[in-house]
Amino acid sequence: MFKQIPAAAFVITAALSAVGFAEPQAPLLTVTSAEGIRTYTLPDLEALPQAGFTTSTIWTDRAAAFEGVPLRAILDANEIAAGTVLATAINDYAIEIPVSDVTDSWPIVAYRMDSKEMSRRDKGPLWVMYPFDAEPSLSTEVNFSRSIWQLDRLSAVE
């Protein structure tokens with residue numbers, strides 16, 4: 001009888017998933033602004049405006065296709081229009097990005113590289129990325145330092 005319990009649990013879990021009771025996804029990004037604290041799961045990020053480009057980086061051995069959300073869209077959704085954003089990674093590496101340096105197109109908060117979700121091992125799940133090949137003027141030490149991988153927090157700084 002006890003050997004049937006794990007099988008029954010699997011069947012119940014599969015049935016609940018099929019009718020929309022899947023386990024909730026963990027938040028990937030927390031944004032803190034004057035409006036409060038908001039968290040984003042992958043589906044939340046996918047529901048925002050999307051952008052993508054292929055570019056070479058100093059961290060990859062070839063050009064890669066990045067897909068994600070323009071940082072501007074996340075800032076707009078959280079009513080961050082001025083000042084600076086503190087971008088922080090899972091390991092607490094942090095860098096400030098002036099809101100005035102963020103355009104409608106770049107940087108993006110990438111969650112896919114070459115059509116695959118990025119694991120922590122692959123600098124994911126979120127990586128701030130610039131189109132270095134399309135805009136060679138972006139290839140600066142400042143922008144390289146702002147290309148924070150394993151991003152998990154954005155905070156508005158006045």
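The values are calculated or read from the model by the stated rules, or taken from the named source; none is laboratory data. Remember, it's a predicted structure, so these values are computed and weren't measured experimentally. Heads up, the Cβs are rebuilt from the backbone with ideal geometry, glycines too, and the neighbour counts pull from every protein chain shown. Note: accessible area is taken over every heavy atom of the protein model, side chains too, but ligands, DNA and RNA are not part of it. Shrake-Rupley method; radii C 1.70, N 1.55, O 1.52, S 1.80 Å.
Just a few scattered comments:
- Members of region 39-55 found to be small (Gly, Ala, Ser) and either outside any loop (DSSP other than H, G, I, E, B) or surrounded by 14 or more Cβ atoms within 10 Å (Cβ to Cβ) (or both), listed by number: Ala51, Gly52
- Within region 117-158, if we keep just the residues that are over 19 Å from Asp92 (Cα atoms) and in contact with a Gly (Cβ under 9 Å, 6 or more places away or on another chain), the residue that is surrounded by the most Cβ atoms within 10 Å (Cβ to Cβ) turns out to be Glu117.
- Strands (runs of 3 or more DSSP E) fully within region 57-153 that include at least 2 residues being more than 16 Å from Glu46 (Cα to Cα) and either in contact with a strand residue (DSSP E or B) (Cβ under 6 Å, 6 or more places away or on another chain) or aliphatic (A, V, I, L, M) (or both): 64-70, 84-89, 94-98.
- Close pairs (7 angstrom Cβ cut-off, 6 or more residues apart or separate chains): free of Cβ contacts under 8 Å to residues at least 12 places away in the same chain in region 125-154, of a type in the set (Ser, Thr, Tyr) and open to solvent by 10 Å² or more (accessible area, probe 1.4 Å) anywhere: none
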